[in-house]
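Asker: The structure is given below, and queries will be raised subsequently.
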Amino acid sequence: MKKILILLSLALLAFACEQQKPEEEYSLKVDPLEVNIDKDGGSVTVAVESNGKWAVTSTDNWITIDPAEGEGNATVTLSAGKNDTEKARKGAVSVNGPSKKYTVTVKQEVSRPEGPDAPVKITEIKTADDFVAFGKAMDSYESTETVKLAADITVNAPVAFLACNFDGQDHTITFNYEENTAYTDADPTTQCLGLFRKVGGTVDGNKLSVSVKNLKTAGSIKTAPEDNSGTEYTYYIGGIAGYADGDARFENCVNGISLEATSFNTQHMGGIIGHACEDVVLVNCQNKASVAVSRAGKESKASQLGGICGHCATKASITGCVNDGEISYTAAGTCRMGGIVGYTNNVTTALYKDCVNNGSVRNDATGYTGTSWAYVGGITGYFGTPGDACQVVYENCTNNGSISSDTGENKLRTRVAGIAALAGKGEGGLFTYKNCTNNGAISQTKGSNSSTRAQLAGIVAYCETVAAVAIDGCVNSGTITTDAAGVKYVGVGAMIGGGGDVKSTITNVTVNASTVITCVAGTAAGLIGGSVSAFNTSISGKVAGTIVSGDTTTVADGGNFGSMLFGMPLGDGSSIGGVSFAQ
């Protein structure tokens, strides 16, 4: 009996030990953690060792996984087709267990042709053939590398994509090109047109910090054919870059390539860049050539034209840039035009500093039958959908060119200014104009249709009422003329044409005696502001000038200047005691 009890006790002890034994810890191993798939397509294997279940996933759709899940030890096959993209590619595959995870990096070089036509990497460009070879071998360059132009050359085809730095060393590329292929979804490269179709961008989720500097250009670009099967597309056209993205930087570049679009499509056209987005920066660049949409009397979509950049999206940083070329829109449509930038949108911060426009900026909308607005400015045209609390600064900018809009006796509405045609709608935002000067003639003509609306100014034509405007130290010396008659919302001022928020300020401004405002009788016209009534802060500066309203001419002097400052009574609390007559 005693022996039986001992055996029973041992059995119970063994059972208790077995019950207290911890569960086996989950294990997972993956090898290798980096693989390379052949550039022409193929497969590689990865070994998975585990004592439990696992799953394999990837967000890169060019990688095929087999099997996608399993249990225990197994071999996983990763496959890809031929890499016929512009760049080598890198993806990630995750092997996931209940408590452990591994990431396998998958790389694949770009597939390149072999033999005599294989791309050759060029580090110094001396001939047109070098330039062509450089473009074909772009996938072999790292974004940190710099290719230099060692001679003046003439080329007849663009580089599709610039993914490295390009130093022109003050040499000139002459480029004469006409795009005869209409854009289609099957051939998207024709959507972007310039010496470089695209500059910068994002590769493997990383922005390319590339630059184009010290480059001069000459020649002409003409865009897609008239017949585009009735389908609307958007084209990005620039003398140097059709489209720029990522952290691209353009510095000390001079464009001499004239741009002309003749199709009815939407055009984003700029002397340096057609369309710039993300964190693109322009410094000390100059445009000497014309930028034009040419479709006199024919239907055309709204287009964005600028001497430096047609369309800036997300951010804008443009300093020390100069436009000497004529910017013109001649079509039955609407435009957003500027001597520096035509259109800016979706921006939280923007800086236009030390920029100068010397060229004429001209809109001719003869034949247009709609009622949309045209925006024509010496520095910028339209400023659309800015972010809330946006901070937009114009500093030390000057317009010397004539800025005009011919509304063609139709329903077109227009805003025209020496510096900015529009300050946008960003709730709680601030648009600052500091030490800016307009010396150019500002005009709007053929505004006899009863639907015509117009605001014109030396500095900013119209200020949206939800964002404050601060005008400080600005000067107007140019003439301002409009013949818009018999309609509401026509305002003319040396500083502001119309609109404005109660938080806006106008300080230390100067309106010189050369300022002559000419308008139809009854127009809201003032030496500082036109159809402006919302100010409740102090206004200061020195004014002179002349207002010609219909048949009545009034020259400002020390006795009457106070009654000539605004075209409408200001809101309660406004103070203009700081304004004096400019002797």
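Asker: Quick check on the range 57-113: of everything there that is polar (S, T, N, Q) and outside any strand (DSSP E or B), which residue is farthest from the chain's Cα centre (by Cα)?
Answerer: Asn73
Asker: Okay, moving on. For the range 441-460, enumerate the residues that are among the aliphatic types (A, V, I, L, M), at pLDDT 95 or above and crowded, with 24+ Cβ neighbours inside 10 Å.
Answerer: Once the filter is applied, which keeps residues that are among the aliphatic types (A, V, I, L, M), at pLDDT 95 or above and crowded, with 24+ Cβ neighbours inside 10 Å, the range 441-460 yields Ile442, Leu456, Ala457, Ile459, Val460.
Asker: Just a yes or no: is a residue in the range 201-208 buried (at least 21 other Cβ atoms within 10 Å of the Cβ) and either farther than 18 Å from Asp167 by Cα or modelled with pLDDT of 85 or more (or both)?
Answerer: Checked against the condition, which is being buried (at least 21 other Cβ atoms within 10 Å of the Cβ) and either farther than 18 Å from Asp167 by Cα or modelled with pLDDT of 85 or more (or both), the range 201-208 yields at least one hit.
Asker: If you check Gly408, Gly440, Gly426, which single one turns out to be closer than 18 Å to Met495 by Cα and part of a loop (DSSP other than H, G, I, E, B)?
Answerer: None of the others qualify; the one that does is Gly440.
Asker: Give the residues of the range 417-446 that are under 16 Å from Gly497 (Cα atoms) and small (Gly, Ala, Ser), sorted by residue number.
Answerer: Ala417, Gly418, Ala420, Ala421, Ala423, Gly424, Gly440, Ala441, Ser443
Asker: While we're looking at this one, here's another question. When the residues of the range 297-326 are filtered to those that are in contact with a Lys or Arg (Cβ under 7 Å, 6 or more places away or on another chain) and surrounded by 24 or more Cβ atoms within 10 Å (Cβ to Cβ), which remaining residue is farthest from Cys253 (Cα to Cα)?
Answerer: Gln304
Asker: Considering only the range 91-106, state which residues are surrounded by fewer than 16 Cβ atoms within 10 Å (Cβ to Cβ) and within 23 Å of Asp38 (Cβ to Cβ).
Answerer: Listed by number, the residues that qualify are Ala92, Ser94, Thr103, Thr105.
Asker: Continuing with this model, one more query. Residue check: is Ala417 closer than 24 Å to Arg453 by Cβ and touching a residue at least 60 places away in the same chain (Cβ under 8 Å)?
Answerer: So Ala417 passes the test.
Asker: If you take the residues in the range 62-77 that are in contact with a Gly (Cβ under 9 Å, 6 or more places away or on another chain) and not acidic (Asp, Glu), which one is surrounded by the most Cβ atoms within 10 Å (Cβ to Cβ)?
Answerer: The selected residue is Val76.
Asker: So is Ala160 modelled with pLDDT under 95 and either under 22 Å from Phe250 (Cα atoms) or in a strand (DSSP E or B) (or both) or not?
Answerer: Taking the combined requirement at face value, the residue satisfies it.
Asker: Determine, yes or no, whether Val281 is touching a residue at least 12 places away in the same chain (Cβ under 8 Å) and surrounded by 21 or more Cβ atoms within 10 Å (Cβ to Cβ).
Answerer: Considered against the rule, which asks whether it is touching a residue at least 12 places away in the same chain (Cβ under 8 Å) and surrounded by 21 or more Cβ atoms within 10 Å (Cβ to Cβ), Val281 comes out as no.
Asker: Exactly one of (1) surrounded by 14 or more Cβ atoms within 10 Å (Cβ to Cβ); (2) modelled with pLDDT under 90; (3) closer than 30 Å to Cys253 by Cβ is unmet by Thr85. Its number?
Answerer: (1)
Asker: Output yes when any residue across the range 478-485 is in a strand (DSSP E or B), under 21 Å from Gly381 (Cβ atoms), within 30 Å of the chain's Cα centre (by Cα) and in contact (Cβ under 8 Å) with a residue 60 or more places away in the chain, and no when none is.
Answerer: no
Asker: OK, next. Between Gly52, Gly42, which is of a type outside the set (A, V, I, L, M) and on the phi > 0 side of the Ramachandran plot?
Answerer: Of Gly52, Gly42, the one residue that is of a type outside the set (A, V, I, L, M) and on the phi > 0 side of the Ramachandran plot is Gly42.
Asker: Which condition number in (1) touching a His at 6+ places or on another chain (Cβ under 8 Å); (2) free of Cβ contacts under 8 Å to residues at least 60 places away in the same chain is the one that Glu251 fails?
Answerer: (1)
Asker: Another question about this same structure. Mind listing just one residue for me: the one in the range 262-319 that is at pLDDT 95 or above and of a type in the set (Ser, Thr, Tyr) and, of those, nearest to Ser209 (Cα to Cα)?
Answerer: Filtering first and then ranking leaves Thr319.
Asker: Only strands (runs of 3 or more DSSP E) wholly contained in the range 486-583 count here; list those with 3 or more residues that are under 34 Å from the mean Cα position of the chain (by Cα), β-branched (Val, Ile, Thr) and over 18 Å from Thr465 (Cα atoms).
Answerer: 505-511
Asker: Show me the strands (runs of 3 or more DSSP E) found entirely inside the range 271-388 where at least 1 residues are within 15 Å of the chain's Cα centre (by Cα) and assigned by TED's automatic domain parsing to the domain that holds Ile221.
Answerer: Filter on the range 271-388 gives 273-276, 281-283, 303-306, 309-313, 316-319, 335-338, 341-345, 349-353, 380-384.
Asker: For Val511, which of the numbered conditions (1) of a type in the set (A, V, I, L, M, F, W, C); (2) within 18 Å of Leu422 (Cβ to Cβ); (3) touching a residue at least 40 places away in the same chain (Cβ under 8 Å) fails to hold?
Answerer: Condition (2) is where Val511 drops out.
Asker: Look at Val393 and say whether it is within 17 Å of the chain's Cα centre (by Cα) and in a loop (DSSP other than H, G, I, E, B).
Answerer: no
The values are calculated or read from the model by the stated rules, or taken from the named source; none is laboratory data. Owing to the predicted nature of the structure, the values given are computational and were not obtained by experimental measurement. Ideal geometry is used to build each Cβ from the backbone, glycine not excepted, and the neighbour counts take in all protein chains shown.
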